Amino acid sequence: MVYFRSDKEMAILDEIAGNGVRVFLVWCVGITTVIFIWALQSRMRSRFRGAPVWPVLGVLPSLLFHLGHLYDWLTHLAIVNGGTFKLLGPWKCRIFTADPANIDYLLRTRYYNFGKGETFKESFRDMFGDSIVVQDGDAFKRLSVSVGKALSSPAFRDFVSALLPAVMQHNLLPVFTHACENAAIIDLQDVFHRLACYNVCLFGAAVQLDCLKPGLPKFPFIEAFEEALQSLMFRLLMPPFWWKILRFFNVLSERRLIKARDFIYGYSIEAWQSRGNQDSSPEANIASAFFRYEGESGRFYSDQRVHELFVNLILAGKDTIMAGLTWFFWLVARHPLVEAQILAELREIVNQRKSPDDQDPFCFSFEEVKRMDYLHAAVTESLRLYPPIPINYLHAAEDDVLPDGTPVEKGAQVLYSIYSSGRLESVWGKDCLEFKPERWMKNGRFVRQSDFKLVVFNGGPRRCTGIEFAYWQMKWAAASILIRYRVKIVDKHPVLPKIGLTLFMKYGLLATVHQREMADDESSK
């Protein structure tokens, strides 16, 4: 049986269908209009130029597209946006600045309003406890004072001046001698990473790591430390609820973090206990002096806090040396005139000695290293272009306004870019991208500039207390190597920064080592 609808029924159905189509079209137009207005308002709110702001996703697609050269892309955005801009993301709006006046305001003027914040503390507490890495305000200042006292003590300076030349002679230089004699290719980044870890453990806690040997055998402790830092970086990049889910189920990056952390703490406990009575000068190493100063103020530490401090010392002390020396040697290899000037300074220091060291004329003393002004300038210029920590992270406790007029809402994350601030033409001039140590020299002497112009070591209450120690290590290592060897970077070796907490080279820095002959010395005069 076939049922035929009447004309009236068909008219009613047509009207219903037509109304449905109209409602659907109106709904689509409405949603599209809302998204367009929202996107337009977002773009206006962000005062952002240089990359599209997508609905919901913000600048995330652009960020992922430029991930291979992220720091240069962010620097470009800082320049076209006047030094500061807002990065709108899917879950958070972040303020990005490279303006020295803003950085001064964040680190000194309004220090108490811009701390690390709970997101950072939650992310890092599993690894570093409640020690100096995660502290803010008065607690940070108190801990920093105790560390500063330890680093500036005469006992520590004597300790360094006595042992650092021995580290160069018996640990670092044999690695280069082995590579030279065997015509081997070495990864300079790996070498300086091991040197930094060796030094920070020796001078920080009188612990000797077995990591700096010819042939560079594998050393799991360093690998575990970098695995942990990589996992912590993922925590900062993703929303907190996500990494907490991963931690709850103990999978992916969180599983790797726990495994690395357990290995690191197990090793540090064993290394600390192995010191035994080897700590012959309890005032000399940083940890022992720190505990004494804290004890005098009535603050004592459990075994757990001791090991947290040990791990903190490694984090604070190794990255500047490792990254600083790696980028320095790459830049010097590409600028032979700078290398010649460094060699001229080193030879002049050797020639000025009243009683030459016939056994090893190229073994420098503490006082001689302090007189290496041009080398100091070259290292500083390298740090300007390639700072070990490219970007730092702060959190606003209250509403605020930056000096350039950028409003900061309570709870906002503020990123200040050390990498970008060292590349602003408005600050450093038209030659800001050139490696030019002379910009730090005046009348043959190194001239220091504002901490907030070169913010590699931070400023204000957060100013790094180990600046001098870091320079001693870098200058001693650079002078000891350059005066003995020509370092050649392997042809066509790709040099790219790795995205992370520290400015590693993504593929390391492969090089060959050649004995420096007298002819080399003469040609560079």
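For this structure, a couple of remarks:
- What a 1.4 Å probe finds exposed on the stretch 110-188 is 54% carbon and sulfur by accessible area, rounded to a whole percent.
- Percent accessible area from carbon and sulfur atoms, the stretch 432-525, protein chains only, probe 1.4 Å: 52 percent
- For L496 and K370, the FRET efficiency from 1/(1 + (r/R0)^6), where r spans their Cβ atoms and R0 equals 51 Å, is about 0.90.
- Two-site label geometry, E517 and R448: point separation in nm, points 7 Å out along Cα→Cβ: 4.3 nm
- Computed lengthening from N250 to R353, 0.36 nm per intervening residue step minus Cα-Cα distance: 31.0 nm
- Three-way shape label, the stretch 354-498, alpha-carbon gyration tensor, a/c 1.5: prolate
- Prolate/oblate/rounded call for the stretch 337-433, Cα gyration tensor, a/c under 1.5 rounded: prolate
- Listed residues K354, K141, K370 arranged by accessible area, highest first, probe 1.4 Å: K354, K370, K141
- Annotation: extensible slack from S297 through A166 equals 43.7 nm (criterion: 0.36 nm per residue apart, minus Cα-Cα distance).
- E468, E368, ranked by accessible area, largest first (probe 1.4 Å): E468, E368
- Shape of the stretch 139-233, Cα gyration tensor, a/c cut at 1.5: oblate
- Euclidean distance of C-alpha centroids, the stretch 374-393 and the stretch 77-134, integer Å: 20 Å
- In terms of distances greater than 26 angstrom between alpha carbons, the cross-link table entries K354/K436; K149/K370; K259/K488; K149/K318 yield K354/K436; K259/K488.
- The stretch 305-323 and the stretch 155-183: distance between their alpha carbon centers, rounded to Å: 20 Å
- Extension gain, I489-K506: 0.36 nm per intervening residue step, less the Cα-Cα distance, totals 4.6 nm.
- Alpha-carbon radius of gyration plus Dmax, which is the widest Cα pair, for the stretch 205-297 in Å: 17.5, 48
- Phi-based couplings in Hz for the stretch 213-228 (Karplus 6.51, -1.76, 1.60; Gly and Pro marked x): 9, x, x, 6, x, 4, 9, x, 4, 5, 4, 5, 5, 5, 4, 5
- Extending 7 Å from Cα along the Cβ direction at R463 and again at E223 yields two label points whose distance is 4.1 nm.
- Distance (nanometres) between label positions extended 7 Å along Cα→Cβ at K141 and L60: 3.9 nm
The values are calculated or read from the model by the stated rules, or taken from the named source; none is laboratory data. No experiment lies behind these values; they were computed from the predicted model shown. Counting neighbours? That spans all protein chains shown, and the Cβs are built from the backbone with ideal geometry, glycine included. Side chains are part of the model used for accessible areas, which takes the heavy atoms of the whole protein and leaves out ligands, DNA and RNA. Shrake-Rupley method; radii C 1.70, N 1.55, O 1.52, S 1.80 Å.
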